[in-house]
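To keep things clear, I will list the structure first and then write my remarks on it.
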Amino acid sequence: MNIILLAPPAAGKGTQAEILTDNYHLNHISTGDLLRSVSKEENDLGRNIKQMMESGSLVSDDIVLEVFNHYLEHTDNMNLLLDGFPRNIYQAEKLDEILKEKNSQIDYVFLFNISKEMLVDRITGRRLCESCGKVYNVNIDPLKPKIESTCDKCGGKLYARKDDNEETFNIRYNEYQTQTSPLITYYQNKGNLYEIDSSVSKEDTFRQIEEILGKR
Ligand code: AMP
């Protein structure tokens, strides 16, 4: 089973990906996380990726596809949960080719619907664990860590992503509208797009996903 999470920034993809991987045997691939890890390398590629990510722009397709393919070559679990990939039509077409070669296809695309105002609220409160990557939100009571700045799961230190500010959010949101949202029609035409209301709690968001997964 292959799933894509299609959503504007801070709509809750990471949180739902975590719940989905806990409940199903899925291979969670976040191209954002993969790129963040390469961006720490002290070389031209690392510096280039870091600069693109911090500015809120999309990283070039060539780099993203290389990082994605490299990950796939080193993994056995082909039940993919794609978080943040594809981000445009070109990447979606390339993904179709990659899956076709493996006699596979995308089964579900979950489109997260949420207002821009709510996203701004979420983005300024988002915190991540620097050790295990667990996502928190200091503006939303049920998503706050039990101890300030400390991960409930592993005790790691929490940090705010550099691109989680209102100014960069606007650029990322624009990128989503212009580059990524055409994927809605792309997958609607393939008949595998499912709409989710992600303005509700993480549990209620997940219930909608489970209901759809249970139906087919
Ligand atoms: P995310 O963690 O999904 O919010 O992604 C953070 C940043 O990583 C984005 O703003 C882009 O700069 C970059 N990025 C992640 N995935 C992709 C992708 N599939 N294509 C291009 N850029 C990406």
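The values are calculated or read from the model by the stated rules, or taken from the named source; none is laboratory data. Treat the numbers as computed from the prediction; the structure is a model and nothing was measured. Cβ: placed from backbone, ideal geometry, glycine included. Neighbour counts: every protein chain shown. Calculation scope for accessible area: heavy atoms of the full protein, side chains included, ligands and nucleic acids excluded. Shrake-Rupley method; radii C 1.70, N 1.55, O 1.52, S 1.80 Å.
Filtering Asp197, Asp141 for residues that are at pLDDT 95 or above and loosely packed, with under 13 Cβ neighbours inside 10 Å leaves a single hit, Asp197. Restricting attention to the range 37-46 and to residues that are without any contact (Cβ under 8 Å) to a residue 12 or more places away in the chain and open to solvent by 30 Å² or more (accessible area, probe 1.4 Å), the residue that is nearest to the ligand (Cβ to nearest atom) turns out to be Ser37. Among helices (runs of 4 or more DSSP H) entirely within the range 61-132, having at least 3 residues that are open to solvent by 70 Å² or more (accessible area, probe 1.4 Å) and either in contact with a strand residue (DSSP E or B) (Cβ under 6 Å, 6 or more places away or on another chain) or within 15 Å of the ligand (Cβ to nearest atom) (or both) singles out 61-73. On inspection, Ile49 qualifies as modelled with pLDDT of 95 or more, in a helix (DSSP H, G or I) and surrounded by 15 or more Cβ atoms within 10 Å (Cβ to Cβ). Within the set Ile49, Ile106, Ile98, the sole residue that is in contact (Cβ under 8 Å) with a residue 12 or more places away in the chain and closer than 23 Å to Ser198 by Cβ turns out to be Ile106. Can you confirm whether the range 188-208 contains a residue that is farther than 15 Å from Ser115 by Cα and within 16 Å of the ligand (Cβ to nearest atom)? No, the range 188-208 contains no residue that is farther than 15 Å from Ser115 by Cα and within 16 Å of the ligand (Cβ to nearest atom). In the range 13-36, which residues are open to solvent by 70 Å² or more (accessible area, probe 1.4 Å) and not in a loop (DSSP other than H, G, I, E, B)? Listed by number, the residues that qualify are Asp22, Asn23, Asp33.
Are any of the residues in the range 171-180 within 23 Å of Met52 (Cβ to Cβ), without any contact (Cβ under 8 Å) to a residue 60 or more places away in the chain and either basic (Lys, Arg) or part of a loop (DSSP other than H, G, I, E, B) (or both)? Within the range 171-180 (the criterion being within 23 Å of Met52 (Cβ to Cβ), without any contact (Cβ under 8 Å) to a residue 60 or more places away in the chain and either basic (Lys, Arg) or part of a loop (DSSP other than H, G, I, E, B) (or both)), the answer is no, since none of the residues qualifies.
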